[in-house]
Amino acid sequence: MSDTSGTVLVTGPNGGLGIGFVAQLLRSPYATSHETIYAVRDPEKALALKTVLKTAPKDHKHLVLPLDLTSLDNIRKFATDINQRVTAGSLPPIQALVLNAGVKDCTGDNFTKDGYEHTFAVNYLANFLLSLLLLESMDKQCGRIIYVGSTAAFITGGPNPSPFVSEQQKKAFITSTENMAKGIEEIPDPKGDANGVGERRYSLSKLLMNMWMYEFQRRLDADSKLSNIAVLGLDPGWTGGTDIARNSPAGAKFFFKNILNRVGYIISFIWSNPLIRTPSKTGADFLRVCFDRKAFGEYPKARYINGSELYHTPEEAGDEKQQKVLWEGSLKLAGIEGDDTVLDNWR
Ligand SMILES: NC(=O)c1ccc[n+]([C@@H]2O[C@H](COP(=O)([O-])OP(=O)(O)OC[C@H]3O[C@@H](n4cnc5c(N)ncnc54)[C@H](OP(=O)(O)O)[C@@H]3O)[C@@H](O)[C@H]2O)c1
């Protein structure tokens, strides 16, 4: 992996984890050796990002570009712009594509203009499409595509299995791609509690990313020109000080934004990789997953990293047949056609 040039492209850099990552990046040698694309919902409103960028070294080459992950059309326009810049040589190939932006919509049934359930669309389908479109701009020698996993994806087992999924629901959690895209549960909650539904949709979106990692990596490995590209997941545990609970009940929102960060800070003196973390710790973990060649090897493939330790994905993510079904269904939902992607075996 080249330490001397390349592009880092990060989505959601104005959010809690995003700022943790940007702050670590700006303190690292990669702030000046690499160019950075900050893809934000609205550059004018990205105030936290603007603030942290004031600490950037003078020669930190970067662009803040708009990207709305609720719109497939907008994702396509964004990817076309990046691909044109890389083709023209005005931007180096992408060495780290950090798919960090995400949402947990616990406010009821909200659908994107494309007709997909909000959390599914942003946390899963947008990443599926964006990474396929940007493959042509990835560094073919050592590019890494990194998504953010979650303990919430562990509906059984794992560090804190989801309390929002009933025993019955666990048996039919992954359903048809079309139904998941529409937010339709096979076994609905009789109480119809919007928060519970939102939490389950969030868990599902992260579980689907785990499944996507395996299928995507297999397809990349089979394509000789792309087989050095890695797909990796980073689980940030519970990272406080972020807005991920902005649509959750007031107590959860306050706890995530104001309490958890302090707890994370205190326990960082006791454990090096605790469940509860600060954006600063998670930002450093992100940077390692982007660039470290020792901890995860030169060419890590489909690895899931919990903070700073290699970990496993949820058991439910491991079914190869389901991974393939999900991939094929997602191609249709995202409208992938002909020469949209340079991946040979995308079909
Ligand atoms: N915090 C945790 O404990 C935790 C745990 C597991 C996983 N995660 C994951 O970590 C990632 C970052 O979350 P966070 O905790 O930092 O939450 P956050 O503070 O709410 O940040 C989320 C970021 O995503 C961006 N975003 C949301 N919807 C978008 C859209 N439609 N288009 C473009 N950008 C969009 C937001 O943009 P704006 O700045 O415009 O709002 C924000 O910058 C998410 O994928 C989340 O699921 C977090």
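The values are calculated or read from the model by the stated rules, or taken from the named source; none is laboratory data. Here the structure is a predicted model, which is why all the values come from computation and not from measurement. Don't worry about glycine lacking a Cβ; one is built from the backbone with ideal geometry, like all the others, and counts go over all protein chains shown. For the accessible areas, the whole protein counts, side chains as well, though only heavy atoms, and no ligand, DNA or RNA atoms are used. Shrake-Rupley method; radii C 1.70, N 1.55, O 1.52, S 1.80 Å.
See the values below:
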| item | result |
| --- | --- |
| Residues of segment 96-109 classified as away from the ligand (no atom under 13 Å from the Cβ) and under 19 Å from the mean Cα position of the chain (by Cα), total | 2 |
| Only listed residue being within 14 Å of the ligand (Cβ to nearest atom) and touching a Lys or Arg at 6+ places or on another chain (Cβ under 9 Å), chosen from Lys253, Lys206 | Lys253 |
| So Thr112, is it of a type in the set (Ser, Thr, Tyr), within 12 Å of the ligand (Cβ to nearest atom) and in contact with a Lys or Arg (Cβ under 8 Å, 6 or more places away or on another chain) | no |
| Pro13, sole failed condition from (1) more than 14 Å from the ligand (Cβ to nearest atom); (2) touching a Leu at 6+ places or on another chain (Cβ under 6 Å); (3) assigned to a loop (DSSP other than H, G, I, E, B) | (1) |
| Matching residues, segment 274-294, being over 16 Å from Lys257 (Cα atoms), part of a helix (DSSP H, G or I) and open to solvent by less than 20 Å² (accessible area, probe 1.4 Å) | Gly283, Asp285, Phe286, Val289, Cys290, Phe291 |
| Lone qualifier among Phe216, Phe256 - being open to solvent by 20 Å² or more (accessible area, probe 1.4 Å) and not small (Gly, Ala, Ser) | Phe256 |
| Wholly enclosed helices (runs of 4 or more DSSP H) of segment 43-152 bearing at least 1 residues under 21 Å from Gly283 (Cβ atoms) | 47-53, 126-134 |
| Count - residues of segment 232-248 that are near the ligand (Cβ under 6 Å from one of its atoms), outside any loop (DSSP other than H, G, I, E, B) and either open to solvent by less than 20 Å² (accessible area, probe 1.4 Å) or at pLDDT below 90 (or both) | 1 |
| Checking Asp292 against (1) within 13 Å of the ligand (Cβ to nearest atom); (2) among the charged types (D, E, K, R); (3) free of Cβ contacts under 8 Å to residues at least 12 places away in the same chain, the condition it does not meet | (1) |
| Lone qualifier among Asn127, Asn160 - being open to solvent by 10 Å² or more (accessible area, probe 1.4 Å) and either within 14 Å of the ligand (Cβ to nearest atom) or closer than 20 Å to Leu234 by Cβ (or both) | Asn160 |
| Among the candidates Ser203, Ser166, residue that is free of Cβ contacts under 8 Å to residues at least 60 places away in the same chain, crowded, with 22+ Cβ neighbours inside 10 Å and over 27 Å from Pro66 (Cβ atoms) | Ser203 |
| Some residue of segment 309-318 being more than 30 Å from Asp243 (Cβ to Cβ), among the polar types (S, T, N, Q) and either touching a helix residue (DSSP H, G or I) at 6+ places or on another chain (Cβ under 9 Å) or modelled with pLDDT of 95 or more (or both) | no |
| Candidate set from segment 46-71 (those that are small (Gly, Ala, Ser) and under 23 Å from the mean Cα position of the chain (by Cα)); member that is least open to solvent (accessible area, probe 1.4 Å) | Ala46 |
| Residues satisfying the stated conditions in segment 288-344, i.e. of a type in the set (S, T, N, Q) and in contact with an Asp or Glu (Cβ under 6 Å, 6 or more places away or on another chain) | Asn306, Ser308, Gln323 |
| Tally of residues being within 10 Å of the ligand (Cβ to nearest atom) and part of a helix (DSSP H, G or I) across segment 17-42 | 5 |
| Breaking point among (1) part of a loop (DSSP other than H, G, I, E, B); (2) modelled with pLDDT of 95 or more, for Gln323 | (1) |
| Failed item, numbered, when Ser90 is tested on (1) surrounded by 16 or more Cβ atoms within 10 Å (Cβ to Cβ); (2) of a type outside the set (A, V, I, L, M, F, W, C); (3) without any contact (Cβ under 8 Å) to a residue 24 or more places away in the chain | (1) |
| Odd one out for Ile82, checked against (1) closer than 18 Å to Phe128 by Cα; (2) open to solvent by 20 Å² or more (accessible area, probe 1.4 Å); (3) not small (Gly, Ala, Ser) | (2) |
